[in-house]
Amino acid sequence: MTENTAAPTYNPLKDVGRLTLSDGSEVRFYADEFKGYPFGSIRTFVKSPTYEGPTKAGVTLKGAVLDGVIEALEKLPKEPAALEDVELARFEKKKNADEAVELVVRITLYKDTTGVDLREWVVSEGYTGWSKKGIRLPYAEIAKSVGFLKEMRTFLAGRPGPKKGAPRAA
């Protein structure tokens, strides 16, 4: 029996838009689904001689979280007003007896550049703090990012999740 060891392919439901970060690196906004449930994703992709594809840097968005992120980003001025990190909003992504996860939207300064960080904050018995799940968007590209997020939201609104009682995809 032959085992398939090929890397998974990037095949989103809809590629909404891209922001070029540097040579060989870009942020992609796209809609996808997992087990029949649609969601939006913002992820860093790289292209190098040894690897081409998604990185771990990114976040998934759906429903009220996606709406809240759009609302928070739309309020930002064209140029950043503060020269310090500023939290803009928090949105609950997951909450159960063992763990709570929030998506935090904040303006961040890193290497003398201003960006907007979308990152997960985790509270659990063993750990409280930032997770590795997150993405940083260049502040200068926020208007374009909001446009991509709105297009993502419109696309996802037309894709219902699986029907109750229907078998789930493996």
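Okay, here's what the table says:
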| quantity | calculated |
| --- | --- |
| Mean residue ellipticity (222 nm) of the chain, computed from DSSP H runs ≥ 4 via -39,500 (n - 2.57), nearest 500 | -5500 deg cm²/dmol |
| Kirkwood Rh (inverse of mean 1/r, distinct Cα pairs), the chain, angstrom | 17.5 Å |
| Accessible surface of segment 107-151 [probe 1.4 Å, protein heavy atoms]: carbon and sulfur percent | 55 percent |
| Inter-probe distance in nm under a simple model that places probes 7 Å from Cα toward Cβ, at LEU13 and GLU71 | 2.3 nm |
| Proximal charge balance of LYS94 [Cβ under 12 Å; K/R count +1, D/E count -1] | -1 |
| Accessible surface of segment 38-90, 1.4 Å probe, proportion on carbon and sulfur as whole % | 55 percent |
| Length gained when the stretch GLU33-ALA81 is fully extended (0.36 nm per residue, less Cα-Cα span) | 13.6 nm |
| Accessible surface, segment 24-170, averaged per residue in Å² (probe 1.4 Å) | 61 Å² |
| In order through segment 69-78: 3J(HN,Hα) via Karplus (6.51 cos²θ - 1.76 cosθ + 1.60), integer Hz, x for Gly, Pro | 5, 4, 4, 5, 6, 5, 7, 6, x, 4 |
| Counted charge near VAL65, where neighbours are those whose Cβ lies closer than 12 Å (Asp, Glu -1; Lys, Arg +1) | 0 |
| Principal semi-axes in Å for segment 87-170 [√(5λ), Cα gyration tensor, largest first] | 28, 23, 9 |
| FRET E, pair ASP98, SER22, Förster distance 45 Å, beta-carbon r, rounded to 0.05 | 0.70 |
| Neighbour cut-off at most 10 other Cβ (10 Å), DSSP loop, chymotrypsin sites (Phe, Trp or Tyr not before Pro), segment 114-152 | TYR127 |
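The values are calculated or read from the model by the stated rules, or taken from the named source; none is laboratory data. Since this is a predicted model, take the numbers as computed values, not measurements. So basically every Cβ, Gly included, is an ideal-geometry build from the backbone, and we count neighbours across all protein chains shown. Note: accessible area is taken over every heavy atom of the protein model, side chains too, but ligands, DNA and RNA are not part of it. Shrake-Rupley method; radii C 1.70, N 1.55, O 1.52, S 1.80 Å.
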